[in-house]
Amino acid sequence: MTRAVAARIEQRAASNPEVVLPPTLVFKSTVDATVTTDAVIDNLLGHLQPHRHELVLFDINRRAASYRLLIDDPAPMTNRVLKATDLPFSVTLVTNGSAQTARVENRHIEPYALDPGRSRNWNWRGRPA
């Protein structure tokens, strides 16, 4: 079913990308293996009309010792997405300010951005820091 939906999106995007989907906001965990970040980018957002969609990635808690138990750290893929200059949608990464703090920040890049984007820091209570 997923492949059929992806094929229809690709087919419609080729003929008329404006009618494929309204502005779409995708929330995704960087460690969720159910649907990979690559699949979200390549099979969905990359086929949609530019400048109308956003991918929000939730990173792992890099301060928690348990993240070291992961088989694959999602950081390389996440960094590749944040450095891409050819994405037709915006990307926001929600992550720790560093591995030594619980402070959360979001890094946002606009479609086709040439810089790594702006960051906004939040404390653990969800308030701007």
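Could you order peptides 37-44, 75-82, 3-10 by the average number of other Cβ atoms within 10 Å of their residues, highest first?
Packing proxy ranking, top to bottom: 37-44, 75-82, 3-10.
Multiplying the sequence separation of ASP38 and VAL5 by 0.36 nm and subtracting their Cα-Cα distance, what value in nm do you get? Before the final figure, lay out the partial values.
Working: separation 33, 0.36 × 33 = 11.88 nm, distance 1.63 nm.
Here the segment from ASP38 to VAL5 would lengthen by 10.2 nm.
The numbers here are math on the coordinates, done by the rules we state, and not lab data. Predicted model, so just to flag it, every value in this text is computed and none were measured. Every residue, glycine among them, receives a Cβ derived from its backbone with ideal geometry; neighbour counts consider all protein chains shown.
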